[in-house]
Amino acid sequence: MKTLKRILGVLWIALAVAAAYFCIFEFGLPKFTSGKQEDLVFGIIILFILTPLIVLGLGIFGIYAVKGEYDNV
């Protein structure tokens, strides 16, 4: 079970990297170039609020899983 938790930790880190890519390059930056005010507000929310929350949450969870912090649970 410990091995499975560590493998899933690597998966969480990979999901953090994928979420960072999609939030920045697919959802956030294209909203800045559309020229509409509502898209600009949505792009700012995606880039500066949601992306750090999602990426840091997944990344920290994955790092703790790889380090073995959840082995006693």
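The table below lists the values:
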| read-out | value |
| --- | --- |
| With Cα atoms, 0 to 90° folded angle of helix 51-67 axis to the chain main axis | 10 degrees |
| Ranked Thr3, Thr51, criterion: other C-beta atoms within 10 Å, fewest first | Thr3, Thr51 |
| Least to most buried among Leu15, Leu4, Leu29 (fewest other Cβ within 10 Å first) | Leu4, Leu29, Leu15 |
| Peptide ranges 21-28, 66-73 listed from the most packed, as the mean C-beta count within 10 angstrom indicates | 21-28, 66-73 |
| Net length gained if the chain between Ile49 and Tyr21 were fully extended (0.36 nm per residue, minus Cα distance) | 8.6 nm |
| The chain - mean residue ellipticity at 222 nm from DSSP helices (-39,500 (n - 2.57) per run, n ≥ 4, rounded to 500) | -21500 deg cm²/dmol |
| Under the Karplus curve 6.51 cos²θ - 1.76 cosθ + 1.60, θ = phi - 60°, whole-Hz ³J(HN,Hα) for the stretch 17-28, x wherever Gly or Pro sits | 5, 5, 5, 4, 4, 5, 5, 7, 8, 9, 10, x |
| Projected area, mean over directions - the chain, Cα convex hull, nm² | 4.9 nm² |
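Only the coordinates and a few stated rules stand behind these numbers; no lab work does. All values reported here derive from a predicted model rather than from experimental measurement. Don't worry about glycine lacking a Cβ; one is built from the backbone with ideal geometry, like all the others, and counts go over all protein chains shown.
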